[in-house]
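Q: Take this structure, written in structure tokens, and hold onto it; I'll ask about it next.
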Amino acid sequence: MRTERQAVIVGGGPAGLAAAIQLYQQGVKDLLILEREHFLGGILRQCIHDGFGLTRFGETLSGPEYAHRFIQQVEDLGIEFITDCTVLDISHDRVVTAVSKAHGMIQVKAGAVILSMGCRERTRGALSIPGTRPSGVYNAGVAQSYINLQNIMVGKEVVILGSGDIGMIMARRLTLEGAHVQGVFEVQPYPSGLPRNIEQCLNDYNIPLHLSHTVVDIKGRERLEGVTVAQCDEQLKPIPGTEEYYPCDTLILSVGLIPENELSLAAGVELDPRTKGAYVDEYYQTNVEGVFAAGNVLHVHDLVDFVSLEAEALGNAAAEYLKVGTLPPCPLEVKAGQEVGHVIPQRVSGTRDFTLSLRVRHPLRDCAVVVRQNGKELLRKKMRKALPAEMIQMKLLGEKLSSTGDLEVCVE
Amino acid sequence: MKRTFTCVLCPNGCDIEAELENGQVLGVEGNLCPKGKEYVTQEVVDPRRTIATSVPIEGGEIPLVSVRVTQPIPKGRIFDVMKAINQVRLQAPVHIGQVILPNVLGLESDVIITKEVKSVQGQ
Ligand SMILES: Cc1cc2nc3c(=O)[nH]c(=O)nc-3n(C[C@H](O)[C@H](O)[C@H](O)COP(=O)(O)OP(=O)(O)OC[C@H]3O[C@@H](n4cnc5c(N)ncnc54)[C@H](O)[C@@H]3O)c2cc1C
Ligand code: SF4
């Protein structure tokens, strides 16, 4: 095993694969992808439903098919990868330490490190639901892996807490497999997943969606026996007297995803409390020189197509960094203003084109996303509706930017 | 009569307001592309959906392989198609795009494999 590489890619999901292919195509060929699982492809291996690839490939594919297109290309180009290999540490000076089934302990000094570790699910612990701790309570992604990868059915009478896309997709999947899904309960007054999933995963199967509701108690000793659900007020607090008991053997939690950043922190990468991912500039470079991030490790995406496009942009930038030895400075801050939850990137050069990604805080109708610099309006994008569930992206042209003055993004 | 639809053909998920009369679509509003009108027209007479599931596989490096229909099938036949797929047992290796049920139940849609599964050596 060689101990120096131009670039090491941590995580072989869609982000890591697309970044590696792009680096290779830009002439950076001395690459190594390290993947913890036995197969490349990341979380898409278990997302067997279709709807992937419309933006990237112009056709609708299932998750495994989408991932395969990238895996095939990695194999065809001969890009080196090691699976069953967990990265344990990344140092400030880009030494990547990993442990692999086949190679034992590995240490590689990388010219550039690409962070593409994806995200993990928020758990019951993060919600602090009172009650017992019986079996039968699963995160949606874990249930998805049991049913779609391991052929293990999780239960028969199901309640789902949280209206995230994975929870809704699991509501349909469980119904197709013969389970009875009694309902999806969402604490917020609006759904957190996409409208099309409410339609094709819930409405199509007569699964009710109860907004402003949450689980207040869990009953059962060994196995789950039922949950108590209550209506919530505007402060998201349960309203006494509205409790209702649902007997069930399975509770699925779909209450959000968090970027997986323990390794980033070890490398000295600073995280944005809003995205829970790194602060990056328009080159997807973090505050640590030569360390880049894209995909769900940077900010949670709802569509893999955007993950691939983002990672390809990262690939171009990282290739430039490796060839030139440095990237232009990005002194201007991009601020999240009124109604904007977060923005990516948080810093820009003010001289080049870049793609701005953002999410709104609340569902809005007939609004506009406005980007301003030094009081001047650079871009205005009208929207019929803007939902927190949907990431909004727009391109800003370098020629319109000034090289001084922070940018502000608002929705009005 | 006015009715609202959520188009499921792409992630935009447009809310479409349609003016209907005797199952005829007189006009649509709110769709970001022409496919929205086609969707509503289809939805009024014969709503169709795609489905995906998985099938057990023997002798492979994994126990399950994912499959999907190539064309939307009538909503009312989803569980019949699930039953037909659930009869299938496969032997590794299999490849993406391989048809396992051509023209399933005469619905003009094939059921295809969506994951590469190699066979385990020595089996
Ligand atoms: C359960 C779940 C279901 C989803 N369903 C959909 C969907 O239906 N449609 C959609 O468009 N998007 C979906 N998403 C979003 C989806 O994650 C993205 O579209 C896309 O897969 C993100 O790609 P990624 O490469 O950033 O992350 P991932 O696909 O998560 O890939 C990250 C990879 O990094 C590896 N890794 C992590 N840490 C280490 C380490 N220390 N060492 C080595 N390797 C490591 C992981 O094993 C994994 O393979 C889902 C997400 C989750 C969590
Ligand atoms: S109308 Fe067009 S843009 Fe809107 S959801 Fe349907 S296919 Fe997508």
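The values are calculated or read from the model by the stated rules, or taken from the named source; none is laboratory data. Predicted, not measured: the structure shown is a model, and the values here were computed from it. Virtual Cβ from ideal backbone geometry, glycine too; neighbours counted across all protein chains shown. Keep in mind that these areas ignore ligands, DNA and RNA; they rest on the heavy atoms of the full protein, side chains included. Shrake-Rupley method; radii C 1.70, N 1.55, O 1.52, S 1.80 Å.
Q: In the stretch B:47-59, which residue that is of a type in the set (A, V, I, L, M, F, W, C) and more than 9 Å from chain A (Cβ to nearest Cβ) is surrounded by the fewest Cβ atoms within 10 Å (Cβ to Cβ)? Full working, then the answer.
A: The initial filter retains those residues of the stretch B:47-59 that are of a type in the set (A, V, I, L, M, F, W, C), namely B:51-52, B:55, B:57.
Of the ones still in play, those that are also more than 9 Å from chain A (Cβ to nearest Cβ) are B:55, B:57.
Numbers: B:V55: 20, B:I57: 23.
This residue is B:V55.
Q: May I pose another question? Does any residue in the stretch A:203-229 that is under 20 Å from A:G164 (Cβ atoms) come within less than 7 Å, Cβ to Cβ, of a residue that is aromatic (F, W, Y) six or more places away or on a different chain, and which pairs are these?
A: These pairs meet every condition: A:H210/A:F185; A:L211/A:Y190; A:H213/A:F185; A:T214/A:F185; A:V215/A:F185; A:V227/A:Y246; A:V229/A:F185; A:V229/A:Y246.
Quick grid of which residues meet (1) outside the structural domain of A:T3 (by TED's automatic domain parsing); (2) of a type in the set (S, T, Y):
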{"site": "A:T60", "(1), (2)": "no, yes"}
{"site": "A:P64", "(1), (2)": "no, no"}
{"site": "A:K101", "(1), (2)": "no, no"}
{"site": "A:A112", "(1), (2)": "no, no"}
{"site": "A:R133", "(1), (2)": "yes, no"}
{"site": "A:N151", "(1), (2)": "yes, no"}
{"site": "A:V154", "(1), (2)": "yes, no"}
{"site": "A:V159", "(1), (2)": "yes, no"}
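Q: Could you tell me how many of the residues in the stretch B:7-29 are more than 8 Å from ligand 2 (Cβ to nearest atom) and within 27 Å of A:D50 (Cα to Cα)? So that I can check it myself, show each step before the final result.
A: Taking the stretch B:7-29 and keeping what is more than 8 Å from ligand 2 (Cβ to nearest atom), we get B:15, B:17-29.
Next, from what is left, pick out any that are within 27 Å of A:D50 (Cα to Cα): B:15, B:17-18, B:28-29.
Residues in the stretch B:7-29 being more than 8 Å from ligand 2 (Cβ to nearest atom) and within 27 Å of A:D50 (Cα to Cα): 5 in total.
Q: Please go through the stretch B:71-94 and pick out each residue that is open to solvent by less than 50 Å² (accessible area, probe 1.4 Å) and either more than 8 Å from every other protein chain (Cβ to nearest Cβ) or touching a Gly at 6+ places or on another chain (Cβ under 9 Å) (or both). I'd like the intermediate steps shown before the answer.
A: Of the residues in the stretch B:71-94, the ones open to solvent by less than 50 Å² (accessible area, probe 1.4 Å) are B:73-74, B:78, B:81-82, B:84-85, B:88, B:90, B:92, B:94.
Selection gives B:I73, B:P74, B:V81, B:M82, B:A84, B:I85, B:V88, B:L90, B:A92, B:V94.
Q: Consider A:E262 against the criteria (1) open to solvent by 40 Å² or more (accessible area, probe 1.4 Å); (2) within 14 Å of ligand 1 (Cβ to nearest atom); (3) under 30 Å from A:Y190 (Cα atoms): it satisfies all of them except one. Which criterion is unmet?
A: (3)
Q: Could you list, in sequence order, all residues of the stretch A:365-386 that are within 14 Å of chain B (Cβ to nearest Cβ) and either crowded, with 21+ Cβ neighbours inside 10 Å or in contact with a strand residue (DSSP E or B) (Cβ under 6 Å, 6 or more places away or on another chain) (or both)?
A: Quick first cut of the stretch A:365-386, residues within 14 Å of chain B (Cβ to nearest Cβ) only: A:365-366, A:381-386.
Hits for the stretch A:365-386 are A:R365, A:K381, A:K382, A:M383, A:K385, A:A386.
Q: Within the stretch A:303-312, identify whether any single residue is under 30 Å from A:P130 (Cβ atoms), within 16 Å of ligand 1 (Cβ to nearest atom), modelled with pLDDT of 95 or more and not polar (S, T, N, Q), and answer yes or no.
A: Of the stretch A:303-312, the ones under 30 Å from A:P130 (Cβ atoms) are none.
No: the stretch A:303-312 contains no residue that is under 30 Å from A:P130 (Cβ atoms), within 16 Å of ligand 1 (Cβ to nearest atom), modelled with pLDDT of 95 or more and not polar (S, T, N, Q).
Q: A further question on this structure: Every residue in the stretch A:129-153 that is of a type in the set (A, V, I, L, M), more than 10 Å from chain B (Cβ to nearest Cβ) and closer than 25 Å to B:V117 by Cβ, please. Before you say what the answer is, go through the steps one by one.
A: First pass over the stretch A:129-153, keeping only residues of a type in the set (A, V, I, L, M): A:129, A:137, A:140, A:142-143, A:147, A:149, A:152-153.
After this cut, where a residue has to be more than 10 Å from chain B (Cβ to nearest Cβ) as well, the list is A:129, A:137, A:140, A:142-143, A:153.
Listed by number, the residues that qualify are A:A140, A:V142, A:A143, A:M153.
Q: Select, from A:L271, A:L236, A:L209, the only residue that is hydrophobic (A, V, I, L, M, F, W, C), modelled with pLDDT of 95 or more, open to solvent by 20 Å² or more (accessible area, probe 1.4 Å) and not assigned by TED's automatic domain parsing to the domain that holds A:H299. Don't jump to the end; show me each part of the working.
A: Details: A:L271 fails: not assigned by TED's automatic domain parsing to the domain that holds A:H299; A:L236 fails: modelled with pLDDT of 95 or more.
Going through A:L271, A:L236, A:L209 in turn, the sole match is A:L209.
Q: Restricting to the stretch A:148-182, count the residues that are more than 19 Å from A:N197 (Cα to Cα), hydrophobic (A, V, I, L, M, F, W, C) and away from ligand 1 (no atom under 12 Å from the Cβ).
A: 3
Q: Could you look through the stretch B:60-70, keep only residues that are farther than 26 Å from B:C10 by Cβ and open to solvent by less than 60 Å² (accessible area, probe 1.4 Å), and pick out the one that is farthest from the other protein chains (Cβ to nearest Cβ)? Can you show your working first?
A: Our first condition is that a residue be farther than 26 Å from B:C10 by Cβ; within the stretch B:60-70, this holds for B:60-65.
Subset that is open to solvent by less than 60 Å² (accessible area, probe 1.4 Å): B:60, B:62, B:64-65.
Values: B:G60: 12, B:I62: 7, B:L64: 5, B:V65: 9 Å.
Of everything passing the filter in the stretch B:60-70, B:G60 is farthest from the other protein chains (Cβ to nearest Cβ).
Q: Which residues, counting only those in the stretch B:87-123, are touching a residue at least 12 places away in the same chain (Cβ under 8 Å) and assigned to a helix (DSSP H, G or I)?
A: In the first step, residues of the stretch B:87-123 are kept if they are touching a residue at least 12 places away in the same chain (Cβ under 8 Å); the result is B:88-101, B:104-105, B:107-120, B:123.
Matches in the stretch B:87-123: B:V104, B:L105.
Q: Mind telling me which of the residues B:N12, B:N31 ends up being within 16 Å of ligand 1 (Cβ to nearest atom), open to solvent by 40 Å² or more (accessible area, probe 1.4 Å) and assigned to a loop (DSSP other than H, G, I, E, B)? Talk me through it step by step, then tell me what you get.
A: Numbers: B:N31 fails: within 16 Å of ligand 1 (Cβ to nearest atom).
One residue alone meets the criteria, B:N12.
Q: When you go through (1) surrounded by fewer than 19 Cβ atoms within 10 Å (Cβ to Cβ); (2) in contact with a helix residue (DSSP H, G or I) (Cβ under 7 Å, 6 or more places away or on another chain) one by one for A:A311, which number turns out not to apply?
A: It is condition (1) that A:A311 fails.
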